[in-house]
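These notes are about the structure you will find just below.
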Amino acid sequence: MSLNTFFATLLPKEDKFFPQYQAMGERIVTAADYFTEMVSTNDHDKRVELYTKIKSLETECDHIIIQIFEELNDSFVAPFDREDMHQLGDDMDDVMDYINDSAKRILLYQPKSMPNKTIHMAEIILEGAKAICTALGELKTINKKPAIALDQCAKLHDLEHEGDDVYDNFVKELFENEEDTKELIKIKEIMASMEDATDRANHVGKTLKTIIVKYA
């Protein structure tokens, strides 16, 4: 038993943080779902509608993360290391921010169409969001049964590598086949932001693994 685990057994834990992280994870999944739909349509009005929903979810996540950080400062005992909990919140916030940023770029740049690989990348983001949400559901008992959370962390790692491959192949094909310079720049900028979202999702997995190592 680690020293952190030993002391954690002696003091009461504040469980209010678990539903807050879970609520944030659920909003990230919903935003990723809306984003996948947004990438799949060329209808401008539909894109506006979906971006509005994503932006609203991003704002809700901002409120949740502020509440988590404020309560961390006020709480005598936290369920995990405060620095790790802070990092987990920051990483999740980054995932939401990059989903929102990607959606905003689609709306602002108004590309003529979205290549199939952008849809593939959006699906990777959605799968990563679901993995995060599943892992967060295990936070409360992660010190006793970490296997499910660890599986999701491994999935996030694999999805990040898949996203890298999709992005690299996409950029290669884009420069080979796209003759419209403006469209090339638009799509590349959108895809770069999407790739960042997969990177940040993997960061969530790394932070969760740090928590598991300390407390399992």
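Side notes on the structure shown:
- FRET efficiency estimate (nearest 0.05) - Cβ-Cβ, Ser113 to Phe175, R0 25 angstrom: 0.90
- Ordering Met114, Gly128, His86 by the projection of their Cα atoms onto the charge dipole of segment 84-164, which places +1 on the Cβ of Lys and Arg and -1 on the Cβ of Asp and Glu, puts Met114 at the extreme positive end.
- Computed magnitude of the charge dipole of the chain (debye, nearest 20; Cβ of K, R +1, Cβ of D, E -1): 600
- Long hydrophobic helices in the chain: the complete DSSP H runs spanning 18 Å or more by Cα along their own axis with mean Kyte-Doolittle hydropathy of at least -0.5 are 17-39, 116-136, 181-215.
- Per residue, the chain reaches -29000 deg cm²/dmol at 222 nm when only DSSP H runs of four or more residues are counted, each adding -39500 (n - 2.57).
- Extension reserve of the Glu49-His161 stretch, reckoned as 0.36 nm per residue once the Cα distance is removed: 37.2 nm
- Annotation: average projected area of segment 116-216 is 6.0 square nanometres, based on the convex hull of Cα atoms across all directions.
- Take the chain with all the other protein chains still there, run a 1.4 Å probe, and you get 49 Å² of accessible area per residue.
- Remark: C-alpha extents of the chain on the principal axes read 65, 30, 21 Å, sorted largest to smallest.
- Centroid-to-centroid separation of segment 97-114 and segment 165-194 [C-alpha atoms, Å]: 13
- When you count the other C-beta atoms within 10 angstrom of each residue and take the mean per peptide, 149-156, 193-200 line up highest first as 193-200, 149-156.
- Within the accessible surface of segment 90-179, defined with a 1.4 Å probe on protein heavy atoms only, the carbon and sulfur portion equals 47 percent.
The values are calculated or read from the model by the stated rules, or taken from the named source; none is laboratory data. Please read all numbers here as calculations on a predicted model, not as lab measurements. Cβ: placed from backbone, ideal geometry, glycine included. Neighbour counts: every protein chain shown. For the accessible areas, the whole protein counts, side chains as well, though only heavy atoms, and no ligand, DNA or RNA atoms are used. Shrake-Rupley method; radii C 1.70, N 1.55, O 1.52, S 1.80 Å.
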